[in-house]
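> Structure below; questions to follow.
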Amino acid sequence: MNRILAGIIFSLFIATGYISFLVHERQQELQKLTHYTDSWSAAQLVSEYYRLESWLGLYTIEDTMKIDDVRLRLDIMLSQNDLMKEGDLGHYIKNNEAHHELAMQLEKTLNYLDVHLEKMNRSELQAYLKIMHTLDAPLSRLSSVALSKDVNSINNANLKIQTLYYIYSAMSVLLIILSALLGVLIFYQNRNILQAHLQVKNLAEALQKSKEQLQIQNTKLEYDVYHDSLTEMNNRQFFWENLNKTIEAAEKNNRSVAVMLFDLDRFKEVNDTYGHDVGDMLLRQISHRLTSLSLSSESLYRLGGDEFAFLSSGLTESRAVSQAQKICTALNQPYTIYNTIINITTCVGIVISETERRSDYLYKFADLALYEAKNEGAGKIKVFRQWMLDKLQESRTLEHDMAVALVNKEFVVYYQPIVDSFSREIYSYEALIRWIHPLKGLLSPDSFIPVAEKTGMINEMGKSVLEMACREAACWAVPAKISVNVSPVQLSSKAFAGIVLSILKETGLPADRLELEVTESSLFTESNTPINTLNKLREWGVKISIDDFGTGYSSLSRMSKIAFDKIKIDKSFVSSISTQEDTLNIIKLITGMAKSLNMKAVAEGVETQEQLESLQALGCDLAQGYLFGKPQPYIDRKIRYGEITSIARASGFRQG
């Protein structure tokens, strides 16, 4: 019995060993079957080479194609080319002289293209494509030969595998005896499955935690998308989405839509004076006050900067204004930041609409109302009216007409005399621009100068006026001075001084006959360009006058940086000189300051003899106004003072 058991065990040992040998042989033959990758690799290499050629061809004819796309195909081809140096395919190519030479040519071609691709233009690439085409046929032959070689190898391997299969089938009968061993294997397999189940369970728990964290992150991301990072209020994107939703709901329920825009007054001064960190803290306190007003959490928004918005539906105009006043009252209370009390006011633009359902139009209307509120002054509330839109459209029409007028030379120069207050002799003439509009007739500067300054057309317009005035003044028989107004926009340009000098040279007008009148607002700026420009012009001999003195924000420290030749007293002081004692004292102060600084004082808007006598008593040097003459298009006209004959004609003044 022991011998039988020993024989069986020995037989099983031999059978197992032989089966192992058969398995090994079969694996070897199967491995040979996989060597068909020679042909696959060769075919893939040729395919990628053809594809590279096509991309290069497309690049040479299509301007829209990027060089980066060609570079990508070239890099893929370079990686494929490495297969020709490795594995069975590499061994096969090395043992074949023709194939080896082809591989060297291909490598040389690709390396040259790799180095020079970005440097080559499209025509050079077209020429190089012809060189690349010479490799098409050899590469095709390489792919064909590799395929034939692999087919023969596969056939031989199949025959050997078939023989091994018969032997293996016979021997596998013996393995039935070993079926008992499967139970042991199943036991071990079940144990492995249990371990895998535990691992999957742990992985599922980890995935659940990751999912919860991702949900938290998504919630935070969604919050950040719709909320302002500084104040945590609803932001502009949330405003536009809710505005569209509010419009849709209001349209279904036949209700009105209310949009309010809030803009802080003088917020820039807070940033400039105290710093942006204080400005940020102020915005946070403002948002805190807004959110504490017990309004809907989705009705208040910060649109950016110092602009906030309120959105609602179903409000009447009176309720909307009342709501705006309530918000403004809360916002206008003093703020304390770093022991500093900051007072700030708010302007509001409101639109209430039951018919308009376009969100962009509602915002535009509210913005127009806010613009009118800002123009009227700090802390104002304005409700949109149709005239605001008409005013905007009229302004745009005016801009268009003004651009056409510059081309058609519709702007002309009128002249008004400036006389000696005591002798009434003409001292100079002020050049005043007028617009002869083809439809509206003669327009005064007040109706178009602000628009010209806003659009930048004032530069070309001012240059045209200066050139016309200098050209006409240069032809006058009597060399009277000519005064020309200069916009703050013109003075802010560093090229303005050169323009003035060029016009003086072109027209032949001496520099000392030209006087440029600038306003106080031209000097009240952070830039030193206006001061430097005026100083440069004064060095050339041009006279400088400060216009409308006393009505702006002039700083004596900045005025001391340039020596003015004249100070023009605004007509608002002259008109009340006989009725208000304070005005008399102000003019007296201005004339006294002018004399102490060796400047002449000019009074504007003199219309009565009584005003002139008061100015004479105060020592005002020069005067200008309707008492002496209105602005006229030609200066060789009659100007009468009672029974006196024209000063211009009596003094021999005429236009050449």
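> List 148, 256 from most exposed to least, where exposure is judged by having the fewest other Cβ atoms within 10 Å.
148, 256
> Which whole number of Å³ per residue matches the convex hull of the alpha-carbon atoms in the stretch 103-230?
Spelled out: Cα convex hull of the stretch 103-230, divided by residues, is 300 Å³.
> Can you list residues whose amide H is under 5 Å from residue 313's amide H, if they're 5+ apart or on another chain and H is modeled 1.01 Å from N?
Amide H to amide H, under 5 Å and 5 or more residues apart or across chains, residue 313 pairs with 258.
> Then there's this: Given H placed 1.01 Å from N in the peptide plane, which residues other than close sequence neighbours of residue 352 have an amide H under 5 Å from its amide H?
Amide H neighbours of residue 352: 384.
> Among residues other than residue 605 whose Cβ falls under 9 Å from its Cβ, what is the net charge (Lys/Arg +1, Asp/Glu -1)?
-2
> Hey, another quick one. Once you have the alpha carbon radius of gyration of the stretch 256-370, what is it after dividing by 2.2 N^0.38 Å, with N set to its residue count?
So the stretch 256-370 has a normalised radius of gyration of 1.10.
> What is the local net charge at residue 438, summed over the other residues whose Cβ is closer than 9 Å to its Cβ (Lys, Arg +1; Asp, Glu -1)?
After counting each charged neighbour, the total is -1.
> Would you mind ranking 243, 442 so that the residue whose beta carbon has the fewest other beta carbons within 10 Å leads the list?
Lowest count first: 442, 243.
> Another question, then. Amide H neighbours of residue 437 under 5 Å, at least 5 residues apart or on other chains, H built in the peptide plane: list them.
442, 443
> If you don't mind, another one. Using the alpha-carbon atoms, what tilt in degrees (0 to 90, nearest 10) does helix 37-61 show relative to the longest principal axis of the chain?
20
> Roughly what angle does helix 581-596 make with the longest principal axis of the chain, taking Cα atoms, 0 to 90 degrees, to the nearest 10?
80
> Oh, and also: If you plug each phi of the stretch 338-354 into the Karplus form 6.51 cos²θ - 1.76 cosθ + 1.60 with θ = phi - 60°, what whole-Hz ³J(HN,Hα) values come out, in order, with x for Gly and Pro?
Along the stretch 338-354, the couplings run 6, 6, 10, 8, 10, 9, 8, 10, 9, 9, 10, x, 10, 10, 10, 9, 10 Hz.
> About the Cα centre of the stretch 468-554, how large is the charge dipole given +1 on each Lys and Arg Cβ and -1 on each Asp and Glu Cβ? Please answer in debye to the nearest 20.
320
> Report the trypsin sites (Lys or Arg not before Pro) located in the stretch 434-485 that are in a DSSP loop and have at most 15 other Cβ atoms inside 10 Å of their Cβ, or state none.
Hits after loop and neighbour filter: 440.
> Rounded to two decimals, what ratio of Rg to Rh does the stretch 309-349 give with C-alpha atoms and a Kirkwood Rh?
Using Cα coordinates only, the ratio equals 1.12.
> Please determine, in degrees from 0 to 90 and to the nearest 10, the orientation of helix 2-33 with respect to the longest principal axis defined by the Cα atoms of the chain, where the helix direction is its Cα long axis.
Value to nearest ten degrees: 50.
> Rounded to the nearest 0.05, what FRET efficiency is calculated for residue 199 and residue 221 with R0 set to 30 Å and r the Cβ-Cβ distance?
That gives a FRET efficiency of 0.40.
> Report, in cubic angstrom per residue, the convex hull volume of the C-alpha atoms of the stretch 260-313.
Once divided by residue count, the hull of the stretch 260-313 is 72 Å³.
A short reminder: the numbers here are calculations on the coordinates, not readings from a lab. Values in this document were obtained by computation on a predicted structure and should not be read as measured data. All Cβ positions, even for glycine, are placed from backbone atoms using ideal geometry, and neighbour counts span all protein chains on display.
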